[in-house]
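Step one of this worksheet: look at the structure below.
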Amino acid sequence: MAYTYSDVKLSKVDQKQQAAFYIAEAGANEAFYDIDSYIDDLINMRAGEKIEFEYIKFEEQFGEQPSAEVVLEKQEDQEYDYVIKSTGKIGEQERAVSKEFTIKFEEDESSTINLPEGVGGIFRDEFRKNGNSGEINGDIYVLSGVVIANPLDKAIKGTIFVPRHKVNDSQMAPLPHEYDINWYNQLSNKIEELVSSFPEEAIFYDSINETLNIDTKDKTMNIVVDDFNSNANIKVKGDGKVNLYIRKNINLNKNLNNNGDANQLTIYYAGHSEIKINGGNVLVGSIIAPNSDVTTSGNPTIKGIVIAKTLEGNGAVVNNGENIDVSNIISFPVEDNNGREIITAPTIEIK
């Protein structure tokens with residue numbers, strides 16, 4: 001990568017200053033040209049997160065090696081707006097520029113996505129494992145890449161899928177494109193739609209505060225409840241399935257379907273309240289709560305899949321089960337976002 005200048009009237013310091021500007025501009029342009037290499041990571045970023053790297057493929061100038069330090073950053077409160085900040089350096093002289101751009105998705109035909117096979121948990125913002133006991137038996141997908149557990153291999157018996165630039169362990173792998181933040185947002189919208197519109201032929205409760213013994217007679221049963229209270233319990237009989245839609249308050253203090261099968265029960269919650277699972281309780285079924293923080297303590301066991309904004313676990317065992325039918329938990333259409341348009345603003349100097 002090279003540049004030239006011809007104004008011989010500039011002092012050496014001025015020349016270095018001008019050259020540093022060209023280096024900064026070249027770094028911003030190179031980053032923009034390479035943007036396709038980072039597109040999946042950018043889509044999965046949260047506001048304020050950054051990708052940082054350095055370009056050094058410049059010809060030597062004034063006996064020194066120029067460099068451009070580049071930052072790709074997601075802008076606050078904007079879903080797909082980003083900025084490239086590039087600082088050109090030659091010796092002690094440096095100049096900085098910025099270039100804003102927007103990723104615009106072109107709507108295409110929708111496709112249907114099931115949950116990935118072998119999944120134990122999908123978390124938008126964070127997975128945090130405290131203490132030495134408990135584990136997740138299955139793969140986890142952490143869209144932000146924030147995974148806090150030591151050691152990882154004892155906390156998670158599976159693969160950890162994170163954004164590509166967050167892969168820093170042999171147990172980690174890049175997130176598949178189809179399970180990005182756009183997919184998660186569509187999942188959240190789908191759950192809100194399911195809970196608010198009510199399934200056909202549903203059984204409605206204002207509140208549940210006792211044990212329900214449900215014989216599915218090998219069919220799917222839908223239960224809608226406003227408040228699932230502290231003494232509530234569900235026991236499922238038969239080879240059918242119970243979908244439990246909780247509209248307002250959720251309290252999982254008791255064993256749920258503890259002698260059953262994980263395919264028999266799925267709990268859907270669209271609210272934003274924290275979900276606490278404490279003590280030695282056993283929940284046999286899956287929890288789909290994309291807007292909630294889930295916390296566990298006291299060695300509870302979840303034999304199913306957990307989808308939540310965050311999971312903070314202390315002693316919990318989450319087991320995805322050997323025979324969970326992921327297509328039976330949730331399957332929904334998603335927009336095909338392979339068609340993308342990148343709209344850019346001019347490069348400007350940062351003063």
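The values are calculated or read from the model by the stated rules, or taken from the named source; none is laboratory data. Values in this document were obtained by computation on a predicted structure and should not be read as measured data. Please note: Cβ atoms are built from the backbone with ideal geometry, for glycine as well, and neighbour counts cover all protein chains shown.
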(request) From the list N137, N150, pick out the single residue that is modelled with pLDDT under 85, surrounded by fewer than 21 Cβ atoms within 10 Å (Cβ to Cβ) and outside the structural domain of A24 (by TED's automatic domain parsing). (result) N150
(message) What's the number of the only condition in (1) free of Cβ contacts under 8 Å to residues at least 40 places away in the same chain; (2) closer than 19 Å to G121 by Cα; (3) in contact with a Pro (Cβ under 9 Å, 6 or more places away or on another chain) that V224 fails to meet?
(response) (2)
(message) Going residue by residue through region 60-81, is there one that turns out to be farther than 23 Å from A289 by Cα, without any contact (Cβ under 8 Å) to a residue 24 or more places away in the chain, in the same structural domain as N189 (by TED's automatic domain parsing) and not in a strand (DSSP E or B)?
(response) no
(message) Of the conditions (1) modelled with pLDDT under 85; (2) of a type in the set (G, A, S); (3) more than 14 Å from L311 (Cβ to Cβ), A155 satisfies every one except a single condition; which number is it?
(response) (3)
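What are the residues in region 208-246 that are of a type in the set (D, E, K, R) and surrounded by fewer than 19 Cβ atoms within 10 Å (Cβ to Cβ), if any? Spell out how you get there, then give the answer.
Here is the first cut: in region 208-246, the ones of a type in the set (D, E, K, R) are 210, 215, 217-219, 226-227, 235, 237, 239, 241.
Within region 208-246, E210, D215, K217, D218, K219, D226, D227, K237, D239 qualify.
Restricting to region 293-310, count the residues that are within 16 Å of S188 (Cα to Cα) and surrounded by 22 or more Cβ atoms within 10 Å (Cβ to Cβ).
Filtering region 293-310 for residues within 16 Å of S188 (Cα to Cα) gives 293-294, 305-310.
Pick out the ones that are also surrounded by 22 or more Cβ atoms within 10 Å (Cβ to Cβ) and you get 294, 305-308.
Within region 293-310, residues that are within 16 Å of S188 (Cα to Cα) and surrounded by 22 or more Cβ atoms within 10 Å (Cβ to Cβ) number 5.
Need at least 3 residues that are in contact with a strand residue (DSSP E or B) (Cβ under 9 Å, 6 or more places away or on another chain), of a type in the set (V, I, T) and at pLDDT below 80 per element, so show me which strands (runs of 3 or more DSSP E) inside region 235-351 make the cut, counting only ones lying wholly within it. Working first, answer last.
Working: elements: 241-250, 265-269, 275-278, 282-284, 286-297, 301-303, 306-314, 317-319, 331-335, 340-344.
Once the strands (runs of 3 or more DSSP E) in region 235-351 are filtered for at least 3 residues that are in contact with a strand residue (DSSP E or B) (Cβ under 9 Å, 6 or more places away or on another chain), of a type in the set (V, I, T) and at pLDDT below 80, what remains is 340-344.
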